[in-house]
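Take a look at the structure below.
The values are calculated or read from the model by the stated rules, or taken from the named source; none is laboratory data. Owing to the predicted nature of the structure, the values given are computational and were not obtained by experimental measurement. Here the Cβ positions follow ideal geometry from the backbone for every residue, glycine too, while neighbour counts run over all protein chains shown.
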Amino acid sequence: MDALSFAILAGAGLTTVWLLWYTHRRLPAELDERMRDSLQAFSKAIELRFPAFEGVGQRVRRLAVAVGREMRLDRPTLRRLELAATLRDIGLCAIPYALVNEIPEPDWTKAERATFERHPEVSAAMLEMTPSLRELAPIVRWHHASYDGSDNWDHASPVGNALPVEARVLKVVSDYVRLERRMGDLLARERLREGFSLQYDPLAGYALLRVLTSARAGDRERAVGVS
């Protein structure tokens, strides 16, 4: 075989290897990254569609990560927690606009409440379609599940420490943010305490209280000029 033929065959071989690598590794990764970006943008669009949720996503995400650090969760778990906090409510796209924006939550009928409570299942189903986000599906599916399982719509859901720790954190943080907006910080904290070991994992609950107390102390120090 002459040098030219060898060079052509070698070039063809390298091209084939590159195409195989791109087709099986790089292309799926690029598509997956685009899907991830699309879901994050979609999550933001959900807040724009439902003004009642404006700012909630960012607040939940920041508090959830702070609670995770307070609980000394490892880096991979914190990463899953942050992503799940960002994407947990994308299933709200299946909820009627009027239910959230025009009817106060206390006035929902049993059927309307059941409709709303199914949105984590929709969110999880959407995440399962994206390979790199599939591991978040159980977290998102159970992020409204009670610790003791007493008021879970799906009686097959895990309970207690069988729930993903990320879901347990999101449960207490999401409920705190919702209650805080409705009744203020102090009453929201008291309501949470009443649910420790029932609705909420007490470890996650007390970690949240420590984070909130630390944040308020920092605010007071800044207000009086303490450095």
Conditions (1) in a helix (DSSP H, G or I); (2) under 22 Å from Ala84 (Cα atoms); (3) modelled with pLDDT under 95 -> Leu209 fails only (3)
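Go through segment 54-77 and report how many residues are surrounded by fewer than 18 Cβ atoms within 10 Å (Cβ to Cβ) and either in a helix (DSSP H, G or I) or modelled with pLDDT of 85 or more (or both).
The initial filter retains those residues of segment 54-77 that are surrounded by fewer than 18 Cβ atoms within 10 Å (Cβ to Cβ), namely 54-56, 58-59, 62, 69, 72, 74-77.
If we keep only those that are either in a helix (DSSP H, G or I) or modelled with pLDDT of 85 or more (or both) too, we end up with 56, 58-59, 62, 69, 72, 74-77.
Counting residues in segment 54-77 that are surrounded by fewer than 18 Cβ atoms within 10 Å (Cβ to Cβ) and either in a helix (DSSP H, G or I) or modelled with pLDDT of 85 or more (or both) gives 10.
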Given the options Ala145, Ala167, Ala188, Ala124, name the one that is among the small types (Gly, Ala, Ser), assigned to a loop (DSSP other than H, G, I, E, B), in contact (Cβ under 8 Å) with a residue 12 or more places away in the chain and buried (at least 17 other Cβ atoms within 10 Å of the Cβ). Ala145
Does at least one position in segment 85-103 carry a residue that is farther than 15 Å from Val169 by Cβ, assigned to a helix (DSSP H, G or I) and among the hydroxyl-bearing types (Ser, Thr, Tyr)? yes
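Mind checking which residues of segment 148-164 are of a type in the set (A, V, I, L, M, F, W, C) and outside any loop (DSSP other than H, G, I, E, B)?
Within segment 148-164, just Ala162 meets the criteria.
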I'm trying to understand the selection: among the residues of segment 49-66, which are under 16 Å from the mean Cα position of the chain (by Cα), over 22 Å from Leu209 (Cα atoms) and not acidic (Asp, Glu)? Phe53
